[in-house]
Amino acid sequence: MEDLMRSATTRHCATALVLALALAQPATAQISRHPTGVNVSAQGATTVFLTFGNLDGYVADEALWCGELIPANPDIGSMCDPATIFGSLPLRVDLSRTSGEDGFTDIMSIPPSVARRAYQAAADGATSSFFYVRRFIDPSGVGPDQYVTVTCRLSGGGARVPFSLLDVQVAFAGDEELLTMGTGDEMPPIQAHILYNGTGRLVGRWEVVLPGEEPPSAEDLLTEGTLPVEVRGTQRTYTELSRFNVFLPPDGEFVLEGPPVDALPSDLQGLYQVLLRIEASDDKEGDSSLAAAGAGEGTVHSGAVAGFPMPILRYFVGNADAAPTDRETGFQLLTPLPGVALPTDLPVDFTWSDMPGALVYRLEVRLVTGAPLTSAFLEAGTTSYRAPDWLAQRADGNGIRWRVVALAAGGIEAGSTRWRSHRWSLR
């Protein structure tokens with residue numbers, strides 16, 4: 001009898017142990033991702049296409065960068081140590097979305113400020129890597145939160161960094177924002193000034209939206225490498241002007257020549273919009289495996305991924321008095337006034353009028369040569385910006401010009417001011 005009781009007790013304990021272990025396991029499989037680690041620039045921005053899988057009903061929440069991880073107990077995975085957080089993914093560049101049956105694509109756009117903090121931490125003795133942590137939550141509130149990490153390894157920003165576009169500016173020769181011309185007139189040349197990471201082939205085409213055609217949506221203006229694989233090929237297309245396929249070495253800056261000037265139409269009166277359409281290219285540094293992420297089969301090539309829509313270049317054919325102007329919308333630059341010399345030893349405040357419907361303003365400052373100098377994103381309702389103290393020093397005596405772009409929902413441009421130029425005071 002004692003042997004039977006001991007046997008029953010043993011079986012009971014074993015059953016209880018198995019039950020306890022079962023209860024300790026997460027109710028759902030751990031969310032997976034690919035790539036699990038990437039090389040990123042230590043000196044500036046980096047953009048990477050990520051795939052998550054095995055979501056099982058979970059939805060994405062916040063995304064943080066940090067230097068160290070701690071256990072997320074009682075939740076699943078590892079979360080950021082609050083003492084080492086470098087920053088969070090800005091909502092204006094959050095292009096994440098569900099993909100496939102149980103997948104999720106994320107465009108990890110690392111701001112330069114995060115890269116600088118990670119570099120400073122490494123210079124102070126920390127490891128030369130940091131972490132991107134995506135939090136996923138159960139909408140029902142029953143399951144634990146899940147934290148999924150991607151390791152970011154600091155590098156020089158050369159060929160081993162995913163090929164991504166960091167900034168794109170499209171302009172006519174002379175940098176006119178809105179060109180007005182007569183029917184049949186010849187256009188000035190168009191150029192796209194591109195800042196990028198990594199190396200790869202820039203493949204795409206120039207298109208034009210003719211007067212009266214439905215304008216592109218914010219999604220139509222994204223590069224193909226930014227979209228989930230099942231959405232690629234569904235963007236609205238317009239009249240093709242020319243194509244390009246060029247190799248970009250790991251230099252970080254490139255000027256792309258626009259379509260032939262005789263290809264730009266001007267036979268109809270009205271507003272034309274020139275679009276820069278960038279197609280996805282092969283780039284092993286930025287490849288994302290759907291199988292490894294548990295989100296399907298195959299590999300997603302995301303060369304030329306970008307965390308923002310491509311800009312639109314506009315020109316108007318017809319009576320110049322009928323062309324859209326800054327004054328019609330009330331959106332225009334205020335101070336400094338045109339032609340005013342800027343002081344090198346006093347703060348410089350840029351001001352402009354408010355534009356109805358704008359969600360974000362992007363202030364851009366360049367050298368008169370066209371080279372970018374600085375930029376800032378400002379919330380709706382903000383109509384002034386004090387330039388950094390180093391602006392005059394970095395300009396190194398060269399004149400500058402500035403403008404403000406109003407962005408609506410989805411990052412699409414709702415309007416922009418004309419460029420205004422200034423020289424520096426000699427006193």
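Numbers at a glance
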| quantity | calculated |
| --- | --- |
| His34 - accessible surface, heavy atoms, 1.4 Å probe, Å² rounded to 10 | 50 Å² |
| Förster radius 35 Å - calculated FRET efficiency between Leu337 and Thr151, Cβ distance, rounded to 0.05 | 0.10 |
| Charge dipole magnitude, Cβ of K and R +1, D and E -1 - the stretch 239-319, Cα centre, debye nearest 20 | 300 debye |
| Given charges at beta-carbon only (K, R positive; D, E negative), |dipole| of the chain in Debye | 960 debye |
| Centre separation in Å (Cα based) which lies between the stretch 68-110 and the stretch 35-55 | 11 Å |
| Sequence-separation-based contact order of the chain, relative, with Cα cut under 8 Å and 6+ spacing, percent | 16 percent |
| Size of charge dipole - the stretch 129-249 - debye, nearest 20, with Cβ of Lys, Arg +1 and Asp, Glu -1, no other charges | 900 debye |
| Residues of the stretch 201-222 with amide N under 14 Å of a point placed 7 Å along Cα→Cβ from Asn245 | 201-205 |
| Rounded, prolate or oblate (a/c below 1.5 giving rounded, otherwise prolate when a/b exceeds b/c) for the chain by Cα gyration tensor | prolate |
| Solvent accessible area, Å² - Arg201, 1.4 Å probe, full protein context | 110 Å² |
| Sparse-neighbour loop sites [chymotrypsin sites (Phe, Trp or Tyr not before Pro); the stretch 364-398; at most 11 other C-beta within 10 Å; DSSP] | Trp390 |
| Of Ser109, Gly233, Thr127, farthest towards positive along the dipole that unit charges on Lys, Arg, Asp, Glu beta carbons give the chain | Thr127 |
| Accessible surface ranking that places the most exposed of Phe244, Phe131 first, with a 1.4 angstrom probe | Phe131, Phe244 |
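The values are calculated or read from the model by the stated rules, or taken from the named source; none is laboratory data. Every value quoted in this text rests on a predicted model; they were computed, and no experiment measured them. For neighbour counting, all protein chains shown are included, and Cβ atoms are generated from backbone atoms with ideal geometry for every residue, glycine included. For the accessible areas, the whole protein counts, side chains as well, though only heavy atoms, and no ligand, DNA or RNA atoms are used. Shrake-Rupley method; radii C 1.70, N 1.55, O 1.52, S 1.80 Å.
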